[in-house]
1. Using Cβ counts within 10 Å as a stand-in for footprinting exposure, how do Asp47, Asp66 rank, fewest first?
2. For the pair Asp47 and Glu74, how long in nm is the line joining their label points, each one 7 Å along Cα→Cβ?
3. Quick check: residue separation of Tyr54 and Val37 times 0.36 nm, minus the Cα distance between them. What number comes out in nm?
4. How do Ile56, Ile30, Ile65 line up, fewest other C-beta atoms within 10 Å first?
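All of the numbers you see were taken from the coordinates with simple rules; none came from a lab. These numbers come from a predicted model, not from an experiment. No Cβ is skipped: glycine too gets one built from the backbone with ideal geometry, and neighbour counts run over all protein chains shown.
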Amino acid sequence: MAAKKSTTAKPAAKKTSAKGKSTSVRHTPIPQVESVVMPAAVEVTPDMIARRAYEIWTMRGGSEIDNWTAAENELRAA
C-alpha cells in the first residue's frame, strides 16, 4: 500500500526579489530610531576671540597676533 501525499501545500514565505516586489512578514515591531538633534553652531565673535587670546596671554605670554590666531583656531574648532 502506497502512502498518500498531502494535497495541502504550505505557502512559501515571501522573499525580496531582485525587483523588490515583496518581503516576508515581520513578527516584531519596527524599531524606532531616535532622531539626533545637533546644536546650532555658535557664531565666534571677535569679543570671544579677544577674551580667549587674553586668557592665553595670561597663561603663557606671547605676541598678540600669535595669541589671537591660537584663540581663533581653538574657538572655531570647538
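1. Values: Asp47 8, Asp66 14.
Going from sparsest to densest Cβ surroundings: Asp47, Asp66.
2. Here the modelled spin labels are 1.9 nm apart.
3. 2.8 nm
4. Ile30, Ile65, Ile56
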